[in-house]
1. Can you tell me which residue within segment 149-188, out of those that are in contact with a strand residue (DSSP E or B) (Cβ under 6 Å, 6 or more places away or on another chain), modelled with pLDDT of 85 or more and in a helix (DSSP H, G or I), is surrounded by the fewest Cβ atoms within 10 Å (Cβ to Cβ)?
2. Can you tell me which residues in segment 99-130 are in contact with a strand residue (DSSP E or B) (Cβ under 9 Å, 6 or more places away or on another chain), under 23 Å from residue 167 (Cα atoms) and touching a residue at least 40 places away in the same chain (Cβ under 8 Å)?
3. Going through 138, 82, 132, 77 one at a time, which residue ends up being modelled with pLDDT under 90 and outside the structural domain of residue 24 (by TED's automatic domain parsing)?
4. Of all the residues that make up segment 110-136, how many are part of a helix (DSSP H, G or I) and over 16 Å from the mean Cα position of the chain (by Cα)?
5. Residue 192 - would you say it is part of a helix (DSSP H, G or I) and either modelled with pLDDT of 90 or more or closer than 21 Å to residue 137 by Cβ (or both)?
6. Condition test on residue 33, is it at pLDDT 75 or above, surrounded by fewer than 17 Cβ atoms within 10 Å (Cβ to Cβ) and either farther than 30 Å from residue 106 by Cβ or under 25 Å from the mean Cα position of the chain (by Cα) (or both)?
7. Name the residues in segment 104-136 that are in contact with a helix residue (DSSP H, G or I) (Cβ under 7 Å, 6 or more places away or on another chain) and surrounded by 22 or more Cβ atoms within 10 Å (Cβ to Cβ), would you?
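The values are calculated or read from the model by the stated rules, or taken from the named source; none is laboratory data. This one's a predicted model, so the numbers in the text were calculated from it and none came from an experiment. Neighbour counts run over all protein chains shown; Cβ positions are idealised from the backbone, glycine included.
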């Protein structure tokens, strides 16, 4: 085998190994572009780093306090847990929930997920962005003020964890993950619909 071909083959394996480790991290909630750069540069050396980072657990970072006046008086009221990411699909799902359910008499929990890096490195700007996003979407609901939560980790599993903790009757999520992102990174909506023990309201973007 010519030396140039051998070197090229080694480089391809090197980059592919590191990039694969970065994709694995992406599925665990680490979606920042720099991980892919590090993976491509460090190659196999990045694998143990990725495995160590992937051990981070999903957890609630911030949650609005729940008081008695925020809880619906009707014990049979529906509890909605909705994933919020600012996408057209997510917004459509929220609007469908407002249209289909008596949200004024329901308990609504809005959830957005951030990378674990945001928590570890105290990214105040990203947390402020999430707070503003949740506050704006909470304004779409009348009656009881929605509970809002910022969670870190894998969006799909974090959303399901919140749904279990909040005793959700319905999970609301936008359809995401087409093409390459669906095949390689996986789809939040697909994971939620496969693993949710309660009904899922799934919506795509509005069609003009």
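1. 166
2. Scanning segment 99-130 gives 100, 101, 103, 107, 109, 111, 113, 114.
3. After applying the criteria, what remains is 77.
4. Summing the residues that are part of a helix (DSSP H, G or I) and over 16 Å from the mean Cα position of the chain (by Cα) in segment 110-136 gives 7.
5. Yes: the conditions hold for residue 192.
6. It is true that residue 33 is at pLDDT 75 or above, surrounded by fewer than 17 Cβ atoms within 10 Å (Cβ to Cβ) and either farther than 30 Å from residue 106 by Cβ or under 25 Å from the mean Cα position of the chain (by Cα) (or both).
7. Hits for segment 104-136 are 109, 110, 111, 112, 113, 114.
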